[in-house]
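Heads up, the thing below is written out as structure tokens.
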Amino acid sequence: MKRTKITELLSAREGREQVLVKGWVRTRRDAKDFSFLEINDGSCLANIQAIVDTSAQGYDGVKEIGTGASVAVQGALVASPGKGQAWEVKATAVELIGAADQETFPLQKKRHSDEFLRAIAHLRPRTNKFGAMFRIRSELALAIHRYFQERGFFYLHTPIITGSDCEGAGEMLRVTALDPGKPLGPEGVKNDFFGKDAFLTVSGQLSAEPFALALGDVYTFGPTFRAEPSDTARHAAEFWMVEPEMAFATLQDNMDLAEDILKYCIRAVIERRGSDLELFAKWVDTTLMATLERLVSEPFERIPYREAVEILRKAPRSFEYEAAFGKDIQTEHERYLAEEHFKKPVIVYDYPKDIKAFYMRQNDDGETVGAMDVLVPRIGEIVGGSAREERLYRLEARIAEMGLAAEHYQWYLDTRRFGTAPHAGFGLGFERLVMLATGATNIRDVIAFPRTYKHLEF
Ligand code: 4AD
Ligand code: MG
């Protein structure tokens, strides 16, 4: 017999004579002649209850089944007399597939702290919270693809190993080949595999631009890496980035796209993973649903960087770092703008050129570039992007001004030499999107096995 997933059983319209459920036991409760197993199979937040008649012959073993064990239960799907669940399984056969020792199994039926669960990242998907988290993460990934595919964007796979630093921030992890004859360790490292220094990519943008200037609208969605030596709740060394790149597009188009895709993704989670969201609304952030409803229904605020700095300088409270024109907007500033001042997402655009990357399109004021960041409450920056400098002479001058090695960018400059066109794109931090949707406050809790500064486990 084929197993039926719990999500399907719980939405059944009528009972069934025989169903087979396989999953993990959340709890077992014993009465005189019966045992009640709460089973979860990961297909949804809800458990299904199985009632086992322990007085009947052959069911003695049920009392060996504890929290965490995997089981197969066969029986009839019947209407549940208890409140809460519509259906339960009246078991006619129970099989213990894999036992879990009750003395050592770390997950008990109580709320565990996030810190405790991070230390057992391999077992935390068995909790309600992390089951819900990773179903939502999956839903969001699908929403991203659906969004772009419905709009004629092509999915592009850009390289993970690269020779160039897209952001010019120097926060790169090196890739080295090992000498198979030598033991793992520094003496086994050969650095000449590519004949030049190789790194893990910080962004797919430089590879995506040539494709936008050929296929029109493209997007990448893949892992990116940053060696940011800071232990924060919103930076990981390995994270996923969504990077659309559009030909014949302006900064305005870019802002419209960023706002639209964020709304689309949040709407998708509300519509398709509502019960998982409820868990976060109940236990993580009681204002979550109101925040998300507002996000999808109201236009984002849009202000030039210059105005953002003015707002920060007039703020009724102080910051650790003073805001000033020409200085980076810090996380505390980003959060102030989105959380306290506007109380909704804000798009800040037209940043001073000296704090932004070489490829951003220069504005006529000679001072700013067509950059944009989307800032959201609780997180700060979630999207960073720009119009790209499509004028060859301007881009060459900028590369020289910034002291970058021009010979590394000749292939990139070809796109401006031959049939250049205005284009724009951005990077959406996928983990930050999952944080936005769930109210999670630490990036370590939205990644299956997080890699962060000084942490590489599992
Ligand atoms: O603003 P960033 O650095 O932009 C770029 O890399 C551009 N080349 C993207 C583009 O235009 N195609 O990064 C984009 C987003 C940030 O807004 C943030 O959401 C996320 O990537 N991000 C990180 N997320 C988690 N951990 C980190 N260490 C991150 N660094 C950036
Ligand atoms: Mg940025």
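The values are calculated or read from the model by the stated rules, or taken from the named source; none is laboratory data. Remember, it's a predicted structure, so these values are computed and weren't measured experimentally. As a convention, Cβ positions derive from the backbone with ideal geometry for all residues, glycine included, and neighbour counts pool all protein chains shown. Note: accessible area is taken over every heavy atom of the protein model, side chains too, but ligands, DNA and RNA are not part of it. Shrake-Rupley method; radii C 1.70, N 1.55, O 1.52, S 1.80 Å.
Which pairs do you get when a residue that is outside any strand (DSSP E or B), found in the range 236-265, comes within reach of a residue that is away from ligand 1 (no atom under 12 Å from the Cβ) and open to solvent by 10 Å² or more (accessible area, probe 1.4 Å), reach meaning Cβ atoms under 6 angstrom, with the pair 6+ apart or on two chains? Here the result reads 259/300; 263/296, each pair linking the range 236-265 to a residue that is away from ligand 1 (no atom under 12 Å from the Cβ) and open to solvent by 10 Å² or more (accessible area, probe 1.4 Å). Among the residues of the range 145-157, are any in contact (Cβ under 8 Å) with a residue 40 or more places away in the chain, more than 16 Å from ligand 1 (Cβ to nearest atom) and open to solvent by 70 Å² or more (accessible area, probe 1.4 Å)? Yes, the range 145-157 contains at least one residue that is in contact (Cβ under 8 Å) with a residue 40 or more places away in the chain, more than 16 Å from ligand 1 (Cβ to nearest atom) and open to solvent by 70 Å² or more (accessible area, probe 1.4 Å). Considering the conditions (1) in contact with a helix residue (DSSP H, G or I) (Cβ under 9 Å, 6 or more places away or on another chain); (2) more than 25 Å from residue 159 (Cα to Cα), residue 255 is excluded by exactly one of them, (1). Here residue 267 clears all of (1) open to solvent by 20 Å² or more (accessible area, probe 1.4 Å); (2) within 16 Å of ligand 1 (Cβ to nearest atom) except the condition numbered (2). Inside the range 374-407, can you point out the residues that are part of a loop (DSSP other than H, G, I, E, B) and either closer than 15 Å to residue 427 by Cβ or of a type in the set (A, V, I, L, M) (or both)? Selection gives 379, 402, 404, 405. Residues in the range 428-448 that are of a type outside the set (A, V, I, L, M) and either open to solvent by 10 Å² or more (accessible area, probe 1.4 Å) or in a loop (DSSP other than H, G, I, E, B) (or both) were compared, and the one that is farthest from ligand 2 (Cβ to nearest atom) is 439. Candidates in the range 356-373 are the residues that are among the hydrophobic types (A, V, I, L, M, F, W, C) and assigned to a loop (DSSP other than H, G, I, E, B); of these, the one that is nearest to residue 170 (Cα to Cα) is 357. Under the condition of being more than 27 Å from the chain's Cα centre (by Cα) and without any contact (Cβ under 8 Å) to a residue 12 or more places away in the chain, which residue from the range 102-119 is most open to solvent (accessible area, probe 1.4 Å)? Result: 103.
This table checks each residue for (1) among the small types (Gly, Ala, Ser); (2) away from ligand 2 (no atom under 16 Å from the Cβ); (3) open to solvent by 20 Å² or more (accessible area, probe 1.4 Å).
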site: 381; (1), (2), (3): no, no, yes
site: 384; (1), (2), (3): yes, no, yes
site: 396; (1), (2), (3): no, yes, yes
site: 399; (1), (2), (3): no, yes, no
site: 405; (1), (2), (3): yes, yes, yes
site: 421; (1), (2), (3): yes, yes, no
site: 426; (1), (2), (3): no, no, no
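Please tell me if residue 164 is more than 16 Å from ligand 2 (Cβ to nearest atom), more than 21 Å from the chain's Cα centre (by Cα), modelled with pLDDT under 90 and surrounded by 15 or more Cβ atoms within 10 Å (Cβ to Cβ). Yes, satisfied.
Residues that are of a type in the set (Phe, Trp, Tyr) and either open to solvent by less than 60 Å² (accessible area, probe 1.4 Å) or closer than 13 Å to residue 341 by Cα (or both) within the range 283-312 comprise 300, 305, listed in sequence order.
Please work out if residue 280 is assigned to a helix (DSSP H, G or I), in contact (Cβ under 8 Å) with a residue 12 or more places away in the chain and not aliphatic (A, V, I, L, M). Here the answer is yes, as residue 280 does meet what is asked.
Out of curiosity, is residue 379 free of Cβ contacts under 8 Å to residues at least 60 places away in the same chain and of a type in the set (Val, Ile, Thr)? So residue 379 fails the test.
Of everything in the range 313-334 that's in contact (Cβ under 8 Å) with a residue 40 or more places away in the chain and not hydrophobic (A, V, I, L, M, F, W, C), which residue is most open to solvent (accessible area, probe 1.4 Å)? In this case the residue turns out to be 331.
Residue-level analysis places residue 137 among those that are open to solvent by 30 Å² or more (accessible area, probe 1.4 Å) and within 16 Å of residue 222 (Cα to Cα).
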